[in-house]
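**Student:** I have a structure I would like to understand better, so I am pasting it below and will then ask my questions one at a time.
The values are calculated or read from the model by the stated rules, or taken from the named source; none is laboratory data. All values derive from a computational prediction rather than experimental measurement. As a convention, Cβ positions derive from the backbone with ideal geometry for all residues, glycine included, and neighbour counts pool all protein chains shown. Protein only, heavy atoms only, side chains kept; ligands, DNA and RNA dropped before computing areas. Shrake-Rupley method; radii C 1.70, N 1.55, O 1.52, S 1.80 Å.
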Amino acid sequence: MNIRKNLKADIALAVDQQTEHATVQLSRPSDPKNGDYSTNIAMQISHKFKQSPMEAAKKITDNMQKLPYIEKLEVKEPGFINLFVKETVWQETVKEVLKEGEKFGSNGLGSGRSARVEFVSANPTGPLHFGNARGGPIGDTLASVLTFCGYEVIREYFHNDIGVQVDKLGESIVNVSQGRALEEQEYKGEYIRDLAAEIGNDGDSYEVGKKAVGLLLAQALKTCKKMGIEFDQIYKESEFLNGGDTKQEIDHLTEKGFIKEKDGALWFAPSDEFLKDRETVVVKSNGSFTYFANDIAYHDEKFKNKSALVIDIFGSNHHGHVPRLQAAISALGYDVSRFHIILYQWVRFKRGGEVVKMSKRAGTFITAEEVLDEIGRDAVRFFILMHDANSPIDFDLDLARDKSSKNPVYYVQYAHARIASILAKSEVGGRKSEANCNLLSTNYEVNLIKQISYLPELVEDISMSLNPHHLTSYAVSLADAFHKFYENCQVIGEEKSLMEARVALLNATKTALANTLALLGVSAPQNM
């Protein structure tokens, strides 16, 4: 039984009008005294009935009194409705979880629709540094959630392999290969010495630069794979330029009146009020196309296949690019509501309480490879996903290495391993369908079941909010509920029927933990 879905439908019906289910907002109160769910629907619709919110709430609850799965309804000032679900309903969800197994938490909201998620797309002139890498776990986990919701998802990477930066990179490599000081070059990182040793000065600076960005792309993709990320499609900026796609799009926008000539260049000049004074060059006075022009062609590629969702994940320094892209997509005739951009903030590392300095230009930046080697994939992904993309991260390297309950990823994984250990010692693990789950009546058991049952709701919410960081807080809360159950409820050695019920509960908990960790791209160990 999808409790939240049923509640939304029944509340909408109780409002006694054609209210869309999506307008019924349900939250899970932090204090169980305020119910299993709470809604403010009475405050939203009271004016339509010319009633006070308290009067509207009373009318709604009167219409819901006979629902078989509701234990109690409460009306609280200034018009909240608190809903308490019968314990037997929660108990029965254990078997539903066991029946669904690896599919528990999934839904078909995106069935028959596609989504494209672009992420990482790192600066091509250096190794993948951790600032760019932050977008990796965000994009990969979001793609996994959308897949879990039935979307056909394409993970994509855009490689801007042309431009002045490529020439400057090649120039630095050629100069170093000829014995000139690294410190005097445009790019000063030690990786320039490595590239010089591998490529040498075979060709002009641009040819050397092209070879270098190809090698750096291969390294970046290898690092992403080490992080558990593989892309379905790699798009290169040069392909749009050389294939004529960029020219075709600029010609198309010119015909539609969105391009104007000024100072010998061509400018994208949308009529949008916000952008009318922020026109952007698409063709330089020398006739060459800008990065933005190629990006327009790239986004036409994203939209022309009628993807339901197009998601770009950029560093926050790209914030000025957002309105230009939105305007371009609108000018091309696409529905901008299908387009979503997630901007993530900077990452600052700490070791021993001290900030570790980063400077890409000076060549002292921290690479994703270095962090992965130091703390491993699981910690990298979990620690990144503990934070909203809009929030900066102070990444504690010491905590990420710690093998104790202070480390959140260790705490969650240990819960999964502990459950696996108990189940391995149990003789009733294979008879979970026969368990009498109505015996699961202590607060520790019921609270654990409620935590388990939240996963499908969370997955649905993330597919709409596009905020995957909530998965980590859920994983910690679920692990916490399990540990409290473990400390207070005996399993092995308990009376047979109760032991069978608790083994069933452990199997359901393990399923929810494993599915959550899978979405996060974090391993679920059987022992630790």
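**Student:** Under 5 Å between amide H atoms, partner at least 5 residues away or on a different chain: which partners does Ile70 have, H built in plane at 1.01 Å?
**Tutor:** For Ile70, whose amide H was placed from the backbone, the distant partners under 5 Å are Lys86.
**Student:** What does the accessible area per residue of the chain come to in Å², with a 1.4 Å probe and no ligands, DNA or RNA counted? Numbers along the way, then the final one.
**Tutor:** Values: 24190 Å² over 528 residues.
Accessible area per residue, the chain: 46 Å².
**Student:** Here is a follow-up. Please report the antiparallel percentage of the DSSP beta bridges confined to the chain, to the nearest 5.
**Tutor:** Details: 23 of 46 bridges.
Around 50 percent antiparallel, to the nearest 5.
**Student:** Distance from the Cα centre of the stretch 450-514 to that of the stretch 77-144, in angstrom?
**Tutor:** Their Cα centres are 16 Å away from one another.
**Student:** Give me the number: length gained by fully extending Tyr291 to Leu13, i.e. 0.36 nm times residue separation minus the C-alpha to C-alpha distance, one decimal in nm. Please list the in-between numbers first.
**Tutor:** Values: separation 278, 0.36 × 278 = 100.08 nm, distance 5.26 nm.
My answer for the length gained is 94.8 nm.
**Student:** For the chain, which whole percent of the accessible surface, found with a 1.4 angstrom probe, sits on carbon and sulfur atoms?
**Tutor:** Working: 11310 of 24190 Å².
Answer for the chain: carbon and sulfur cover 47 percent of the accessible area.
**Student:** Let me ask something else about it. For the stretch 78-164, what ratio Rg/Rh do Cα atoms give with a Kirkwood hydrodynamic radius? Numbers along the way, then the final one.
**Tutor:** On the way: Rg = 20.6 Å, Rh = 16.8 Å.
Here Rg/Rh amounts to 1.23.
**Student:** Also, I was wondering about something else. With a point put 7 Å past each Cα toward its Cβ, work out how far Asp396 is from Gln65 in nm, to one decimal.
**Tutor:** 5.3
**Student:** Would you mind checking which residues have amide H under 5 Å from His129's amide H? H placed 1.01 Å from N; only 5 or more apart, or other chain.
**Tutor:** Under 5 Å from the amide H of His129 lie the amide H atoms of Ala368, each far enough along the sequence or on another chain.
**Student:** Using the beta-carbon distance between Lys247 and Asn2 and R0 = 45 Å, what value does 1/(1 + (r/R0)^6) give for FRET efficiency, to the nearest 0.05? Provide the component values of the computation, followed by the final result.
**Tutor:** Values: r = 51 Å, r/R0 = 1.13.
After rounding, the FRET efficiency stands at 0.30.
**Student:** Right, another one. Highest mean first, how do 40-47, 280-287 rank when packing is the count of other Cβ atoms within 10 Å averaged over residues? Let's see the in-between values first.
**Tutor:** Working: 40-47: 19.1, 280-287: 15.1.
In descending order of packing, they fall as 40-47, 280-287.
**Student:** Further question: Report the trypsin sites (Lys or Arg not before Pro) located in the stretch 4-91 that are in a DSSP loop and have at most 16 other Cβ atoms inside 10 Å of their Cβ, or state none. Numbers along the way, then the final one.
**Tutor:** Details: sites: Arg4, Lys5, Lys8, Lys33, Lys48, Lys50, Lys58, Lys59, Lys66, Lys72, Lys76, Lys86; in loops: Lys50, Lys66, Lys86.
Loop-located and lightly packed - Lys50, Lys66, Lys86.
**Student:** Which links in Lys8/Lys450; Lys210/Lys236; Lys188/Lys350; Lys5/Lys76; Lys188/Lys226; Lys222/Lys350 stretch past 20 Å when you go from one Cα to the other?
**Tutor:** On the way: Lys8/Lys450 18 Å; Lys210/Lys236 12 Å; Lys188/Lys350 24 Å; Lys5/Lys76 22 Å; Lys188/Lys226 26 Å; Lys222/Lys350 26 Å.
Beyond 20 Å: Lys188/Lys350; Lys5/Lys76; Lys188/Lys226; Lys222/Lys350.
**Student:** So how exposed is Thr442, as accessible area in Å² (1.4 Å probe, rounded to 10)?
**Tutor:** For Thr442, solvent-accessible area is about 50 Å².
**Student:** If you average 1/r across every pair of different Cα atoms in the stretch 22-179 and take the reciprocal, what Kirkwood value do you get, in Å? Working shown, then result.
**Tutor:** On the way: mean 1/r = 0.0474 Å⁻¹.
For the stretch 22-179, inverting the mean 1/r across all distinct Cα pairs yields 21.1 Å.
**Student:** Using only the Cα atoms of the stretch 43-116, build the gyration tensor, take square roots of its eigenvalues as a ≥ b ≥ c, and label the shape rounded, prolate or oblate: rounded if a/c is under 1.5, else prolate if a/b is larger than b/c, else oblate. Don't jump to the answer; show the numbers that get you there.
**Tutor:** On the way: a/c = 3.65, a/b = 1.58, b/c = 2.31.
Since a/c reaches 1.5 but b/c is at least a/b, the shape of the stretch 43-116 is classed as oblate.
**Student:** Moving on. State, to one decimal in nm, how far the label point of Glu74 lies from the label point of Ser111, with both points 7 Å from Cα in the Cβ direction.
**Tutor:** Once both label points are built, they end up 3.8 nm from each other.
**Student:** Here's another thing I want to ask about it. Under the classification rounded if a/c is under 1.5, otherwise prolate if a/b is larger than b/c and oblate if not, where does the stretch 334-464 fall, given a ≥ b ≥ c as square roots of the Cα gyration tensor eigenvalues?
**Tutor:** It is oblate, given that a/c is not under 1.5 and a/b is not larger than b/c.
**Student:** Using θ = phi - 60° and the Karplus relation 6.51 cos²θ - 1.76 cosθ + 1.60, list the HN-Hα couplings for the stretch 33-41 in order, rounded to whole Hz, with x at every Gly or Pro.
**Tutor:** 5, 9, x, 7, 9, 9, 9, 10, 4
**Student:** Just check the chain against the gyration tensor rule for me: Cα atoms, a ≥ b ≥ c as the square roots of the eigenvalues, rounded for a/c under 1.5, and otherwise prolate or oblate depending on whether a/b exceeds b/c. Present the calculation step by step, with values, prior to reporting the outcome.
**Tutor:** Details: a/c = 2.73, a/b = 1.53, b/c = 1.78.
The shape class here is oblate.
**Student:** Then there is this: Let me check against my output: what whole-number percent is the relative contact order of the chain, with C-alpha pairs under 8 Å and at least 6 apart? Before the final figure, lay out each step's value.
**Tutor:** On the way: 880 pairs, mean separation 82.5, N = 528.
Over the chain, the number comes to 16 percent.
**Student:** What spacing in nm lies between the two simple spin-label points modelled at Asn443 and His470, each 7 Å away from Cα in the Cβ direction?
**Tutor:** About 2.6 nm, to one decimal.
**Student:** Show Trp346, Trp90, Trp267 ordered by accessible area, largest first, where the area counts protein heavy atoms only and the probe is 1.4 Å.
**Tutor:** On the way: Trp346 125, Trp90 5, Trp267 45 Å².
The ranking, largest first, comes out as Trp346, Trp267, Trp90.
**Student:** Which values of log₁₀ I(q)/I(0), to two decimal places, follow from the Debye formula for the stretch 289-352 at q = 0.19, 0.20, 0.21, 0.24 Å⁻¹ with a uniform point scatterer at every Cα?
**Tutor:** -0.73, -0.79, -0.86, -1.07
**Student:** Could you tell me the center-to-center distance, by alpha carbons, between the stretch 173-240 and the stretch 283-307 in angstrom?
**Tutor:** Going from one Cα centre to the other spans 24 Å.
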